[in-house]
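The structure appears right after this line, and notes come after that.
The values are calculated or read from the model by the stated rules, or taken from the named source; none is laboratory data. Everything numeric in this text was worked out from a predicted model, so none of it was measured. Every residue, glycine as well, gets a Cβ built from its backbone with ideal geometry; the counts of neighbours run over all protein chains shown. Accessible surface is based on the protein model in full, side chains and every heavy atom, while ligands, DNA and RNA are left aside. Shrake-Rupley method; radii C 1.70, N 1.55, O 1.52, S 1.80 Å.
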Amino acid sequence: MISRTDIIWLGISSAVIGCLVGGMMLGIGMDLIVNGQPLGWLIMLPGAPVAAIPGWLLGLRLARQL
């Protein structure tokens, strides 16, 4: 049975992992762009969707327990 604490920890862990992944992609991409390498856009732009993937995977894992 899934409890309220499982849902809370899912939200906290997915937020932390998403922020780390998205922030790193944004930071590395911006650094490349500022230094004159236009390939940094390929890292920076998909940062937000990629940051959502860990939370989605954790949600799927929690949904399998139902």
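Listed here are the residues, each with its yes/no results for (1) part of a helix (DSSP H, G or I); (2) among the acidic types (Asp, Glu); (3) open to solvent by 50 Å² or more (accessible area, probe 1.4 Å); (4) out of contact with any His (no Cβ under 6 Å at 6 or more places or on another chain).
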| site | (1), (2), (3), (4) |
| --- | --- |
| 14 | yes, no, no, yes |
| 36 | no, no, yes, yes |
| 53 | yes, no, yes, yes |
| 63 | yes, no, yes, yes |
*segment 34-57: number of residues that are farther than 16 Å from residue 19 by Cβ and aliphatic (A, V, I, L, M)*: 5
_Can you pull out every residue in segment 20-34 that is open to solvent by less than 50 Å² (accessible area, probe 1.4 Å) and out of contact with any helix residue (DSSP H, G or I) (no Cβ under 6 Å at 6 or more places or on another chain)?_
23, 27
*asked:* I need a count of the residues in segment 23-66 that are within 21 Å of residue 9 (Cα to Cα) and modelled with pLDDT of 90 or more.
replied: 1
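I'm trying to understand the selection: among the residues of segment 38-51, which are assigned to a helix (DSSP H, G or I) and open to solvent by less than 100 Å² (accessible area, probe 1.4 Å)?
40, 43, 44, 47, 48, 49, 50, 51 - these are the residues of segment 38-51 that are assigned to a helix (DSSP H, G or I) and open to solvent by less than 100 Å² (accessible area, probe 1.4 Å).
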*Total residues in segment 24-55, condition without any contact (Cβ under 8 Å) to a residue 12 or more places away in the chain and of a type outside the set (A, V, I, L, M)*: 7
